[in-house]
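Participant: Below is a structure I'd like to ask you about.
The values are calculated or read from the model by the stated rules, or taken from the named source; none is laboratory data. Not measured: the values here are computed from a predicted model. Glycine also receives a Cβ, built like all others from the backbone with ideal geometry; neighbour counts cover every protein chain displayed. Keep in mind that these areas ignore ligands, DNA and RNA; they rest on the heavy atoms of the full protein, side chains included. Shrake-Rupley method; radii C 1.70, N 1.55, O 1.52, S 1.80 Å.
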Amino acid sequence: MGSFEMPLKMRTLALLESSCGYLLQELKLIWDEVGQDQIEREKILLDLEQECLDVYRRKVDSANISRARLHQTLADSEAEFTHLLVSLGERSFPCREKMSGTLKEQLDSITPALREMQLRKEERVNQFREVQMQIQRTSAEIEGHLEHEISPMDVAVNENDLSLKKLGEYRIELQRLHKEKSDRLLKVDEYINAVHNLSATLGMDSSDIITKVHPSLEGSCGKQSKNISDAILARLDSTVKSLKEEKQRRLEKLHKLGKTLTNLWSLMDTSIEDQKLFAHVTDFISVSAEAISKPGSLTLDIIHQAEAEVERLDQLKASKMKELFLKKQMELEEICKKMHMEIPSQSEMNNIMNLINCGEIDHADLLTSMDEQILKAKEEASSRKDIMEKVEKWMVSCDEERWLEEYSRDENRYLVSRGAHKNLKRAERARVRVSKIPALVSSLMAKTQNWEEERKKLFLYDEVPLLAMLKEYNLSRHEKEEEKQRQREKKRVQGQVVAEQENLFGSRPTTSNRRLSNRSINGGFGSATPLNRRLSMGIQQLGLHSINSASQGISFIKEGKKAQGQTRAAQYNYVSCLREDTASHVSATISSPSSPSFFN
């Protein structure tokens with residue numbers, strides 16, 4: 001303050017010495033000339049001093065006010081500077097030096113730094129506003145609020161926290177939103193591509209489907225941003241799922257149509273050229289929905305064409321079903337006839353044919369049923385194969401046995417004639433074969449019994465139980481053996497009678513004895529030979545001709561069924577009745593040799 005007061009005193013003294021002193025000297029001269037009273041003079045000088053003090057006091061007060069304002073301005077600047085440092089997140093200002101000097105000097109020193117900090121704040125605020133505006137825009141795009149544009153004036157920046165850390169947090173948030181937006185755009189693009197691909201495969205308009213979801217998703221909407229909100233993503237997902245379901249439904253329909261076409265082609269022997277017209281349908285039978293991506297593969301036109309073809313083939317199938325059924329019926333009957341199995345009744349087949357004509361039966365089920373019957377018939381034929389081979393062998397042996405009996409009854413068999421040596425060789429072979437018949441029959445009966453026990457049913461040969469036939473054959477063979485034994489006994493007795501007659505009447509020349517013996521033998525067997533032939537033929541007719549001749553055996557069996565009034569389940573009783581009838585006919589034949597034979 002000393003340095004500040006000294007110039008002021010010097011100026012005051014100078015003033016007194018110059019202006020004030022001069023004026024006071026002039027005033028004294030005036031007073032002297034006027035003769036002013038000394039008291040008045042002192043009073044006037046006191047007034048002058050009081051007026052000077054008032055002026056000085058006003059100046060001092062004005063200077064104090066100005067100084068206070070400078071102090072306030074400097075304090076405000078310091079406070080604002082500090083606030084800017086805090087809001088900008090800076091601890092100090094590197095370009096600012098420690099303040100010193102007068103108030104004006106200090107104010108002049110802080111003003112540039114404050115201005116620079118204000119510029120920094122303005123720049124930082126703009127950065128915050130830009131980032132926050134982008135955040136709001138991106139959030140609005142994600143939320144699907146694209147109705148109004150966000151302007152910088154709509155963004156409220158918190159100027160109390162403009163630090164780089166806060167700005168970094170906003171930028172991180174903006175990056176996260178950009179990434180979410182990018183992911184949503186990629187997802188939207190994936191959905192749109194899926195809609196395009198599925199629509200192309202199904203033959204649908206993808207633009208119409210996408211526009212119905214949201215117009216902004218269509219590429220022809222210009223610069224309008226795509227709506228990527230959760231609701232749009234959900235609708236796109238639902239649209240893609242519905243298209244996939246439609247694709248799966250159409251593929252399943254084509255699967256069914258393809259299988260139906262394949263079955264119909266197989267049934268009606270459709271040519272390869274006609275099948276190639278619908279190869280694009282049958283190729284999908286074993287293909288999954290994911291593997292089909294070719295445009296136009298699953299259009300409604302293809303499905304309608306396949307349905308029309310199936311309907312056309314169904315109509316053709318109805319006309320050819322009768323032919324197919326008859327073909328399979330013939331196949332089934334051929335299998336049954338070949339293995340001498342029971343043939344389905346003609347009345348049942350006629351009923352099925354009537355149902356086919358009336359259209360009251362499912363053709364596929366009918367053919368499946370016929371195929372099952374054919375399969376069962378083949379399986380049963382396979383199980384009968386071993387037995388049937390032995391039956392055929394037995395029949396051949398029985399034919400050889402019958403031929404051997406006829407050959408044995410021929411009195412001229414030893415005469416020298418053309419072909420006699422061949423008959424002798426055949427007779428030798430026949431005797432070997434006939435000797436094996438009992439073992440063959442025994443083995444055949446055992447196998448047949450095992451087959452019946454395993455199958456829980458009778459083994460029928462041309463509708464006649466095979467076991468009954470074998471038992472009847474054993475019975476007839478036993479009766480035949482007994483008859484042969486009686487003939488041998490009768491011949492032995494006749495030989496004894498002839499010997500006794502020769503002893504009684506004396507012996508004759510050798511030639512005469514041989515002739516008499518021959519005549520006696522011929523006379524003794526003359527009546528027996530036709531009897532044996534009729535008996536053998538009767539038994540063979542019953543035991544073998546019913547097997548060898550299917551038509552005669554079946555007609556004979558049917559006549560027996562009508563006479564006895566029995567069903568097929570009582571065929572064993574029927575065979576026993578046949579055995580009794582045969583025995584009665586044989587006894588009648590024996591009692592009256594001249595009567596006609598029943599089996600002839």
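Participant: Going by the alpha-carbon gyration tensor, a ≥ b ≥ c the square roots of its eigenvalues, is the range 284-330 rounded (a/c under 1.5) or, if a/c is not under 1.5, prolate (a/b greater than b/c) versus oblate?
Facilitator: Oblate shape, in that a/c is at least 1.5 and b/c is the bigger or equal ratio.
Participant: Excluding residues on the same chain fewer than 8 positions from K166, give the lysines whose Cα lies under 16 Å from its Cα.
Facilitator: K121
Participant: What nm distance separates the two modelled labels at K165 and K256, each placed 7 Å from Cα along Cα→Cβ?
Facilitator: Reported label-point gap for K165 and K256 is 6.9 nm.
Participant: Still on this structure, I have one more. Here is the link list: K422/K471; K422/K490; K393/K471; K187/K212; K337/K447. Which ones come out longer than 25 Å on Cα distance?
Facilitator: From the list (K422/K471; K422/K490; K393/K471; K187/K212; K337/K447), the Cα-Cα distance tops 25 Å for K422/K471; K422/K490.
Participant: Cut-off under 15 Å on the C-alpha distance; same-chain residues fewer than 8 positions from K378 excluded. Which aspartates and glutamates are left, in chain and number order?
Facilitator: Cα-Cα hits under 15 Å: E331, E333, E334, E342, D386.
Participant: Sticking with this structure for a sec: What FRET efficiency comes out for the pair K378/R429, r = Cβ-Cβ distance, R0 = 41 Å, nearest 0.05? Don't skip to the answer; put the middle values down first.
Facilitator: Numbers: r = 35 Å, r/R0 = 0.86.
That gives a FRET efficiency of 0.70.
Participant: Please sort 462-471, 229-238 by packing, taking for each peptide the average over its residues of neighbouring beta carbons within 10 angstrom, highest first. Each step should come with its number before you reach the end.
Facilitator: Working: 462-471: 21.2, 229-238: 15.2.
Those peptides, ordered most packed to least, come out 462-471, 229-238.
Participant: Which order do S163, S286 take by accessible area at a 1.4 Å probe, largest first?
Facilitator: S286, S163
Participant: Apply 1/(1 + (r/R0)^6) to the Cβ-Cβ distance of E500 and E452, taking R0 = 56 Å, and write down the FRET efficiency to the nearest 0.05.
Facilitator: 0.50
Participant: Computed FRET efficiency, Cβ-Cβ of H71 and D183, R0 56 Å: what is it to the nearest 0.05?
Facilitator: Given R0 = 56 Å and the Cβ-Cβ separation, E is 0.40.
Participant: Hey, what did the range 382-487 get for relative contact order, percent, Cα under 8 Å, at least 6 apart?
Facilitator: For the range 382-487, the relative contact order is 26 percent.
Participant: Roughly speaking, what is the centre-to-centre gap between the range 299-351 and the range 103-130 when only Cα atoms are used, to the nearest Å?
Facilitator: Going from one Cα centre to the other spans 102 Å.
Participant: Continuing with this model, one more query. Cut-off under 18 Å on the C-alpha distance; same-chain residues fewer than 8 positions from K491 excluded. Which lysines are left, in chain and number order?
Facilitator: K480
Participant: Ranked highest first by the average count of other Cβ atoms within 10 Å around their residues, in what order do 400-406, 423-429 fall?
Facilitator: 400-406, 423-429
Participant: With a point put 7 Å past each Cα toward its Cβ, work out how far M395 is from A231 in nm, to one decimal.
Facilitator: Result for the modelled spin labels: 8.9 nm.
Participant: Next question. Between the range 156-206 and the range 402-468, how many Å separate their Cα centres?
Facilitator: That distance is 98 Å.
Participant: Moving to a separate point now. Which percent of the accessible area of the range 384-481 is formed by carbon and sulfur heavy atoms (probe 1.4 angstrom)? Don't jump to the answer; show the numbers that get you there.
Facilitator: On the way: 2750 of 5530 Å².
The C+S portion of the solvent-accessible surface of the range 384-481 is 50 percent.
Participant: Pull out the extension gain between L326 and I272, defined as 0.36 nm times the separation in residues minus the alpha carbon to alpha carbon distance; nm, one decimal.
Facilitator: My answer for the length gained is 16.9 nm.
Participant: Measure off 7 Å from each Cα along the Cα-to-Cβ vector at M153 and K385, then give the distance between these two points in nanometres to one decimal.
Facilitator: 10.2 nm
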